[in-house]
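Right, one structure below, let's go through it.
The values are calculated or read from the model by the stated rules, or taken from the named source; none is laboratory data. Model, not experiment: these values are computed from the prediction. So basically every Cβ, Gly included, is an ideal-geometry build from the backbone, and we count neighbours across all protein chains shown.
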Amino acid sequence: MRLRVVLALAFLMAASFLNSTGTAFGDARTASSTELVEHPAEWDGVTVTFEGEAIGEAMVRGGHAWIHVNDDAYARASIEAGAKLAGFNSGMPVYLPAEEAEKIEDFGSHTVQGDLVRVVGVFRAASPEHGGEMLIEGSSLEVVRGGSAIEDPLKPWKVWLAAVLAAACGGVLFALRRLTHAA
Amino acid sequence: MILRPTWDDHKVVGMYAGKIIMGIGLLMSLPLITSLVLGEWDTAADFGIGLFGSLLVGLLMQLLFWTRKRLARRHGLVTVAIAWLLGTFVGTIPFALSGHYGSYLDAVFDVMSGLTTTGLYLIQDLDHVSNGLSMWRFVLTFAGGQGIVVIALTFLFKGAGAIYQLYAGEGKEEQLLPNVVQTARAIWVISLGWLVAGASLLSITGLVLGMRPARAVLHGIWMFMGAFSTGGFAPQSYNVIWFHSSVYEALCVIIFVAGSLNFALHWAVWHGWRGELLRNIETRSFAATLAVLSVAAAWALADTGIYGDWVVLFRKGFYQLVSAHTTTGFGTIYSRAFVTQWGPGAMLITMAAMAIGASSCSTAGGIKGLRVGLITKSFLGEVRRTISPESSRITVRYHHIRDQVLGEPVTRSVLTIAVIFLTMYAVVAVAGVFAGYPVEQAAFEGISAASNSGLSCGLLTPSTPDLLKGVYVLAMWLGRMEFIAVLALAGWAWAVVRGR
Amino acid sequence: MRARTRSCARLVRPVQGLEAVNRLIQGMVAEALLVVGIAVAIASATLLVTLVTGL
C-alpha cells in the first residue's frame, strides 16, 4: 500500500514538473506551418512543437531574437542540394530568447543547408505584443540535425555556351558596324 | 482603308525593338557582377549565357532589320509592344537555367511580373536562391518601373524620329522637359536620388535590427528597388514580415508611396513647387480614396475581431491597404491570411484599392488616380449642368501641374480606358472562377495581376492551371502598357493580314 | 488618356550642383511628410472606428 502511494506521488511530481517545463507528453502539439496558417483561430494560444530548417539569420534584439523556421519540402535538402521542385517555401517566424537562438550554427541559404531545429512555443494568430503578427513565441530550441555546406558546382557546358554566344555577338557587332559605316 | 505595313515599316520596328532588347541584356551585367563578387560561379555562368544571348538577339535584329528609315508615329507603339514581349522571353534565360522553376511558362510569368512591377511570383524555394538571381529579380523590377524604353532612351538612343511615341507607348505621357531623352534622364535623376537615400536608410535600419552587414545592405538595396518601383518582390518568402519592425515598414511605405507618385509631380516638387503636392488632382484623389477604403477596411477588420487593439489594427490594416492602393504588393500578413483571417469584406475593399491604383506616369498600375479624379469631376460637372439653367455654361477645372479645363475629348478617353480596365478585371476574375477557384479569391488574384499590384490571397501557386497563368501574364502586360501599345500591335497584325 | 501636358520647362529655372542636391532632399522630405500626414489622418480615423465598433 505504502509503495503504491509513493509511486503515485512520484508520478504526480514527475508529471507536474514536466508540465511546468512545457515539454510534457501530450502538452505541446506538433503543428505544420500550413496547418497554422489555414486555421489560426483554432491554434491561437496553443503550445506547439514546430520543426524545420532555420534560414537566413538570427536577428538579435536585446535579450531576444527573431528566427525563421521553414518546414517545407526543402527543409532537409534545398533545390541546390538536389531536392525536387515541390512548391513554395513555407514556415513560421519564431521569437525566442537569444541564448536559445545562439544554439543554431548554420542558417539556410544558397550555399548552406541550415540546421534542422525543433522549437517549442506558443502560437499566436495575431500577437498584440508584436504588432498583430502571426508567430510562435518560442521558449526552447534544440538542434535536431546540424546543417552542411551545399555544393553548386559550375557546369562546364555553361561556360562554353557563354563563350560561344559572346563570340557570336562579336561577329554580329562587327558585321553591324560595317553595315552602318558603309551606309 | 487600312494600309498594309511595308517591309520597310517592319524593319524599323525590328531594328528599334532590337536596340531595346540589347538594353535588357546589358542589365544582366548587374546580377553577373553580383554573382562573380560573391563567388556564385554557376549563377554567374547563367547570367553570362543570358547576357550574351540577349545581346545576340538584339544585335541580330538590328543587323537583319537595319534600315535608314526613321521611326515614325505609327511605328512607336508597335515597337514598344514587341520589345516588351521579346524582352520578357530573353529575360527568362537566367531563371530557366537556375532550376527553381517548374516550367518555362513559370519563368516567363516571373519576368513579366518583375518588368510590369506586379510582384506575384512562381519561383520555388526562394529562400535558397542565389544572390545573383535575387539581384536579377530586383533589377527587372526597377528597370520595368522606370520603363525599359526610358532606359533605352537614356543609354542607347541618339534621339531621332518619333521617340516620343516609344516613351508614351510605355504608359507615360508626361513630358518633364522639351526633349523626351532629357525627360528620361530626369526620371533617372529623381529615382537615383531616392535610391541613395532610401537604400541607405533601409540598410542602416537593417543593421540596427540585427542583420549581418552584407545582408542588411543587399536587402536594403533590394527592398528599396521593390518598394520604389511599387513592385512587390522581396528577398525572402516571408516578404516584409521578415523584418518584424514597424520602422522598416514605415520606411517602405514612404518609399513606395513616393514611387507611386507622378514623375512630373516629383519634378515640380524638386524645383520648388512644393504646394503642388497638395493641389494636384492625383494626390487628392489618392488621399481621398485611400482614406475612405482604409476606414472601411478598419470597420471590416474590427468586426472580425482578429486584431485586439486599434494600434495593431491600424498597423496591419493600413499597411495592406496602402500597399494595395499604390499597387506595390508588399505584405505584412501571410497571403492565405486574407482568406483565413480578413474575410471577403476586407478582401473586397482591398480589391477596390488595387483596382483604382496610383498615379499616372509613375511606376504604379491600376486605373490611375488621374482618371478616377477626372471621372469624378466630370460626374459632378454633369450634376451641376442638370441643376443649372439651360443657358449657363459649366466649365470643369482641375489642377495637374497646371490649372486645366476638362474638355470632352479628355473625358471620353479617360472613361474609355477606365471601362477597358474594368472589363479586364471582370474577364480575369471570371477566368479564375472557370479554373475552379472561389469567386472572391479569383477576383482578388485577377485584379492583383491586372492592376500590377502583386498581393496574393494564396491562389497562385506553381500548380495553378497553365491557362490561368497565361491569362495573368497577358493581364499584367496589358495593364502595364495601358492597352494602347498592345492594341497597336494587334492593329498592326490586322493590317498585315487585311490591309491593301 | 490624351490629357497631354505641355512640358514643365517653363516652370523651372535651371538648378545645378549642390543646390540641386539640396532641393532634391527637401523634395523627398516634403513627400515623406505628405505620407506621414495621410497616415496620421487615417490612424485617427481608425481609432474612431474602433471606438464606435467597440473593439
* **Complete set of residues in region B:25-76 that are in a helix (DSSP H, G or I) and of a type in the set (Ser, Thr, Tyr)** => B:Ser29, B:Thr34, B:Ser35, B:Thr43, B:Ser54
* Go over the candidates B:Gly454, B:Gly446, B:Gly491, B:Gly470 one by one and state the one that is surrounded by 22 or more Cβ atoms within 10 Å (Cβ to Cβ) and part of a helix (DSSP H, G or I). => B:Gly446
* To do: Give the residues of region B:278-305 that are part of a loop (DSSP other than H, G, I, E, B) and either under 11 Å from B:Ala346 (Cβ atoms) or in contact (Cβ under 8 Å) with a residue 12 or more places away in the chain (or both), sorted by residue number.
  => B:Asn280
* Asked: Quick check: anything in region B:70-83 on the phi > 0 side of the Ramachandran plot and within 14 Å of another protein chain (Cβ to nearest Cβ)?
  -> no
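Which ones in region A:64-85 are more than 7 Å from chain B (Cβ to nearest Cβ) and assigned to a loop (DSSP other than H, G, I, E, B)? Before the answer, list the steps.
Taking region A:64-85 as the starting set, the residues that turn out to be more than 7 Å from chain B (Cβ to nearest Cβ) are A:64-65, A:67, A:69, A:71-73, A:75-77, A:81-84.
Selection gives A:Asp71, A:Asp72, A:Ala73, A:Ala75, A:Arg76, A:Ala77, A:Ala81, A:Gly82, A:Ala83, A:Lys84.
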* Show the residue pairs that are 6+ apart or on different chains and have beta-carbon atoms under 8 Å apart, the first residue being within region B:100-123 and charged (D, E, K, R), the second being buried (at least 24 other Cβ atoms within 10 Å of the Cβ) and in a helix (DSSP H, G or I). => B:Asp110/B:Phe95; B:Asp110/B:Arg137
* Please verify whether region A:144-161 includes one or more residues that are over 24 Å from B:Gln124 (Cα atoms) and not in a helix (DSSP H, G or I). => yes
* Asked: Can we say B:Thr289 is more than 7 Å from every other protein chain (Cβ to nearest Cβ), among the β-branched types (Val, Ile, Thr) and over 17 Å from B:Ser359 (Cβ atoms)?
  -> no
* Asked: How many of the residues in region A:162-183 are loosely packed, with under 13 Cβ neighbours inside 10 Å, aliphatic (A, V, I, L, M) and part of a helix (DSSP H, G or I)?
  -> 3
* Asked: Take the residues of region B:387-436 that are over 28 Å from the mean Cα position of the chain (by Cα) and assigned to a helix (DSSP H, G or I): which is farthest from B:Val471 (Cα to Cα)?
  -> B:Ile387
* Asked: Of the numbered conditions (1) assigned to a loop (DSSP other than H, G, I, E, B); (2) facing chain B (nearest Cβ under 10 Å); (3) more than 27 Å from B:Ser463 (Cα to Cα), A:Ile104 satisfies every one except a single condition; which is it?
  -> (2)
* If you go through region B:306-363 one residue at a time, how many are more than 10 Å from every other protein chain (Cβ to nearest Cβ) and assigned to a helix (DSSP H, G or I)? -> 20
* Within region B:10-24, identify whether any single residue is among the aromatic types (Phe, Trp, Tyr), part of a helix (DSSP H, G or I), surrounded by 24 or more Cβ atoms within 10 Å (Cβ to Cβ) and within 11 Å of another protein chain (Cβ to nearest Cβ), and answer yes or no. => no
* Output the residues belonging to region B:380-403 that are within 19 Å of B:Asn262 (Cβ to Cβ) and at pLDDT below 90. => B:Ile401, B:Arg402
* Among all residue pairs at least 6 apart or on different chains, which show Cβ distances below 7 Å where the first residue, located in region A:132-156, is closer than 18 Å to A:Asp71 by Cβ and in the same structural domain as A:Ile104 (by TED's automatic domain parsing) and the second is acidic (Asp, Glu) and not in a loop (DSSP other than H, G, I, E, B)? -> A:Gly138/A:Glu100; A:Ser140/A:Glu100; A:Leu141/A:Glu100; A:Val144/A:Glu51
* B:Val253: in a helix (DSSP H, G or I), buried (at least 22 other Cβ atoms within 10 Å of the Cβ) and at pLDDT 95 or above, yes or no? -> yes
* Asked: Conditions: (1) within 16 Å of B:Trp477 (Cα to Cα); (2) modelled with pLDDT of 95 or more; (3) of a type outside the set (S, T, N, Q); (4) not in a helix (DSSP H, G or I). B:Val111 meets all but one. Number of the miss?
  -> (4)
* Can you give me the number of residues within region B:34-47 that are surrounded by fewer than 23 Cβ atoms within 10 Å (Cβ to Cβ), more than 26 Å from the chain's Cα centre (by Cα) and more than 8 Å from chain A (Cβ to nearest Cβ)? => 4
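Could we say that B:Ser378 is of a type in the set (Ser, Thr, Tyr), in contact with a helix residue (DSSP H, G or I) (Cβ under 6 Å, 6 or more places away or on another chain) and touching a residue at least 60 places away in the same chain (Cβ under 8 Å) here? Before the answer, list the steps.
Working: of a type in the set (Ser, Thr, Tyr): yes; in contact with a helix residue (DSSP H, G or I) (Cβ under 6 Å, 6 or more places away or on another chain): yes; touching a residue at least 60 places away in the same chain (Cβ under 8 Å): no.
Here the answer is no, as B:Ser378 does not meet what is asked.
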